[in-house]
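The values are calculated or read from the model by the stated rules, or taken from the named source; none is laboratory data. Remember, it's a predicted structure, so these values are computed and weren't measured experimentally. In this analysis, Cβ positions are derived from the backbone assuming ideal geometry, glycine residues included, and neighbour counts consider all displayed protein chains.
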Amino acid sequence: MGVLRREPTVDFQTAVAAKLEGVKNPEVLAIAAQQKRILVSHARRTMPSEFAKFIINHQSSGLLIVSRMLPVEIVIEELLLIWAASTAEEWVDRIAKLPL
């Protein structure tokens, strides 16, 4: 992943590495929360409503929605900016769309 090539100290995991391909949104949200990871997703049609339902009863480390139309270079820059300029606590139960 481009984020790790640019900044190897970022604790970033792809859906493939996390074995999340084909897993339903509610379970993906639960896994990310359990691992205290901010979730980065392309599921802009379904994930925001699932996230809203999830945080009613659970705490999330946050959700970033990324359009598939956004160039990869911009996504990498945005993710690195978020990593460098914010703390994990700032993202708890928060949802945002990239670019910010």
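In table form, for the structure just shown:
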read-out: Any hit, the range 78-90, residues being in a loop (DSSP other than H, G, I, E, B), touching a residue at least 24 places away in the same chain (Cβ under 8 Å) and not aromatic (Phe, Trp, Tyr); value: no
read-out: Meets criteria (loosely packed, with under 14 Cβ neighbours inside 10 Å and among the hydroxyl-bearing types (Ser, Thr, Tyr)) for SER49; value: yes
read-out: The range 66-100, subset among the basic types (Lys, Arg) and in contact with a Ser or Thr (Cβ under 9 Å, 6 or more places away or on another chain), residue surrounded by the most Cβ atoms within 10 Å (Cβ to Cβ); value: ARG94
read-out: Subset of the range 5-47 (residues that are of a type in the set (Asp, Glu), farther than 23 Å from GLU90 by Cβ and at pLDDT below 90); value: GLU21
